[in-house]
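Reviewing the structure listed below.
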Protein chains: 2
Amino acid sequence: MPDCLFCQIVEGKIPAKKVYEDDDVVAFDDIQPQAPVHVLVIPKKHVATLNDLSPQDDAVAGKLFRVAAQLAKQRGIADRGWRATVNVNRDAHQLVFHVHLHLMGGRPFGWPPG
Amino acid sequence: MPDCLFCQIVEGKIPAKKVYEDDDVVAFDDIQPQAPVHVLVIPKKHVATLNDLSPQDDAVAGKLFRVAAQLAKQRGIADRGWRATVNVNRDAHQLVFHVHLHLMGGRPFGWPPG
């Protein structure tokens, strides 16, 4: 999607601090971090929101969790704990319409999550 | 896992208000709802935390998102918005050590998510 910020990051047209990349997934630091560790993990394929996932996307969508866990281990926060959050549409403050998982950790989190 | 609360819900040994079930996934209402819609979506397979996912789990882990989206559509909150949250270990308040996705919606959410 030419007008999608995250597709442009995937393609390297907009700079981002990438911390992980494979054939399906890219991860990069959030530019407005809300925790000591705050990384966005996204599918390379453009999917606007979780509402738009199809069964063919299941494996890559699940890989977002697994890559997040791998990054949490690398950053030393896996055992202490971390939170995975995906926002969908306005009520949840989705700002970029390309699915992204927020990996956040390095501090305690309250409940409810917003 | 015989001592796992959510495995016992999967097996029907402990009652829960199930709102979805297939071969891989079960969903049921959270008993301490933090939003007008608050459903837990879990894999039937016992996986303690996201840190413990293996590549073989990717498809089912991704299906958690898709089932959550399907339920959000059924409850009429998909377009307005909803938040998917998974807590890992102590810092994030994980209370039951069987992976569960919190689908929450029906109200606006703040940022950060806890």
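The values are calculated or read from the model by the stated rules, or taken from the named source; none is laboratory data. None of the values given here were measured: they were computed from a predicted structure. Neighbour counts run over all protein chains shown; Cβ positions are idealised from the backbone, glycine included. With ligands, DNA and RNA removed, areas are computed over all heavy atoms of the protein, side chains included. Shrake-Rupley method; radii C 1.70, N 1.55, O 1.52, S 1.80 Å.
Applying the selection to segment A:13-48, what residues are of a type outside the set (A, V, I, L, M, F, W, C) and facing chain B (nearest Cβ under 8 Å)?
If the condition is that a residue be of a type outside the set (A, V, I, L, M, F, W, C) and facing chain B (nearest Cβ under 8 Å), then A:Q34 is the only one that fits.
Between a residue in segment B:55-84 that is more than 7 Å from chain A (Cβ to nearest Cβ) and any residue that is open to solvent by 20 Å² or more (accessible area, probe 1.4 Å) and among the β-branched types (V, I, T), which pairs come within a Cβ distance under 8 Å, given they are 6 or more apart or on different chains?
B:L71/B:V19
Anything in segment B:53-76 that is under 17 Å from A:D24 (Cβ atoms) and of a type in the set (K, R)? List them, or say none. Full working, then the answer.
Initially, segment B:53-76 is screened for residues under 17 Å from A:D24 (Cβ atoms), giving B:53-63, B:65-66.
The answer is B:K63, B:R66.
When the residues of segment B:62-86 are narrowed to those that are open to solvent by 10 Å² or more (accessible area, probe 1.4 Å) and not in a loop (DSSP other than H, G, I, E, B), which ends up nearest to A:V86 (Cα to Cα)?
Only one residue fits best here, namely B:R66.
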